[in-house]
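S.K.: My structure is below; once you've seen it, I'll send some questions.
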Amino acid sequence: MTRKTVVIGMDGVPLRLIEELTDSGDMPNCAHLRKEGYLSSMHSAVPEVSNVNWSSIVTGANPGEHGIYGFTELIPGTHTVCFPDRRALKAPPFWSDNSKRYVLLNIPAMYPAPEVNGVFVSGFVAPDLDKAVKPMDELEYLRSIDYEVDVDSSIAHKSHRLFLERLFETLEKREKAYRYYWTRKWDVFMLVFTGSDRLEHFLMDAYADEEHEYHEEFIRYFREIDRIVGDIYGSMDEGSRLVMLSDHGMEPIKINVNVNALLEQNGLLELGGHPEKRYNNIVDEGTSAFALDPGRIYLRDKDVAREVVKLFEGLKYEGEDVIGRINLRDDVYHGPEIERAPDIVLTPNSGYNIKGGVKYEDVFEKNIFKGKHTASDAFLYCNEKCIPRSPTVEDVRDIIEK
């Protein structure tokens, strides 16, 4: 008989937050699990973008093997941007093993839903629920509870209060779906909470400031997740494995850094078209280097590589170094998809939010966002001693399948 495995994902939750909220008593169920299991920091993929990380988590593969480098990619042989979905994934995920039965709920970056031995519900980005669910006959139930794949984050640009209301409503529907599918026959049950990432992006400042208008609501969201975790663990069969993890960490933003603005100011990038229409085909013939989010730099002229490295090595803001590490393609990627990889990926120092967009006014800017991804402080938990030393997102699949 196959032993059951439960996987709980908390998108964007840093180890520090888990430690602080379990120490404070705000997440008592996770505190109990922490005492009897094993909790570790975990390194994210390069770059520390959700769809890159979740692709590595479910495949156990390096981006050079699974072929996903960001939410936007270049169409091969062009400098035109496209938006890859699950069908762009080049490495097989763990649910390819049809000898096991699965319930997989809200799995990020896996739209449209694949055929699976069980039930699959895609997570963000999933614009059409009809294509986010397999088998199709599961749609009737999900529609009956008005299931939502993700909270509409655009609401936060207008009202934090309304955004929080919708965030909790989405969580409630996620819980209903988990309870409904828990009674099915399965060997691996995976549930991912993505509202944590959305909450931190818009209200990371509310966590640190006890006087903030939404401090208590921030904490309450994690209390609700903890309650659901407790319910899940209390319902697990004896001897089952529990794995909990995040895909990357999160920290407050000091300033946004527009990579393309710096490249343009230094004569390395010439953008085509009107500024409001720069996106699909972003570069003119005079371009030597350009960036896609968050800090993936592609070189049209390989001879400028050293110039680009020196440019970002010397980048400072108010006397501080902005870039912590400059990753070269061959140092971080390996596999058959490496030719599609960026030539350089920037990892910033704490507080600096690297951006690869083409709509900007200056190199350094601020906006509504308060939290940014971090690379070295995701968390990984297992109720058994099965976590390797200094784990990365590529190690998770082996833990799930043990």
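The values are calculated or read from the model by the stated rules, or taken from the named source; none is laboratory data. Just so it is clear, the structure is predicted and the values come from calculations on it, not from any experiment. Note: ideal-geometry Cβ built from the backbone for every residue, glycine included; neighbour counts use all protein chains shown.
S.K.: Among the residues of segment 92-110, write down those that are outside any strand (DSSP E or B) and buried (at least 22 other Cβ atoms within 10 Å of the Cβ).
M.R.: Result: PRO93, TRP95, PRO108, ALA109, MET110.
S.K.: Exposed (fewer than 13 other Cβ atoms within 10 Å of the Cβ), modelled with pLDDT of 95 or more, out of contact with any Cys (no Cβ under 9 Å at 6 or more places or on another chain) and not charged (D, E, K, R): does that describe PRO252?
M.R.: No; evaluated as a whole, the condition is false for this residue.
S.K.: Could you list all residues from segment 212-270 that are in a loop (DSSP other than H, G, I, E, B), of a type in the set (D, E, K, R), closer than 30 Å to ARG397 by Cβ and under 26 Å from the mean Cα position of the chain (by Cα)?
M.R.: ASP247
S.K.: With the condition kept exactly as written, say whether any residue in segment 165-184 is assigned to a loop (DSSP other than H, G, I, E, B), under 29 Å from PHE120 (Cβ atoms) and in contact with an Asp or Glu (Cβ under 8 Å, 6 or more places away or on another chain).
M.R.: no
S.K.: Tally up the residues in segment 93-139 that are in contact (Cβ under 8 Å) with a residue 60 or more places away in the chain and of a type in the set (Phe, Trp, Tyr), please.
M.R.: Residues flagged as in contact (Cβ under 8 Å) with a residue 60 or more places away in the chain and of a type in the set (Phe, Trp, Tyr) within segment 93-139 amount to 4.
S.K.: Could you list, in sequence order, the residues of segment 138-154 that are more than 20 Å from the chain's Cα centre (by Cα) and surrounded by 17 or more Cβ atoms within 10 Å (Cβ to Cβ)?
M.R.: Within segment 138-154, GLU138, LEU142, TYR147 qualify.
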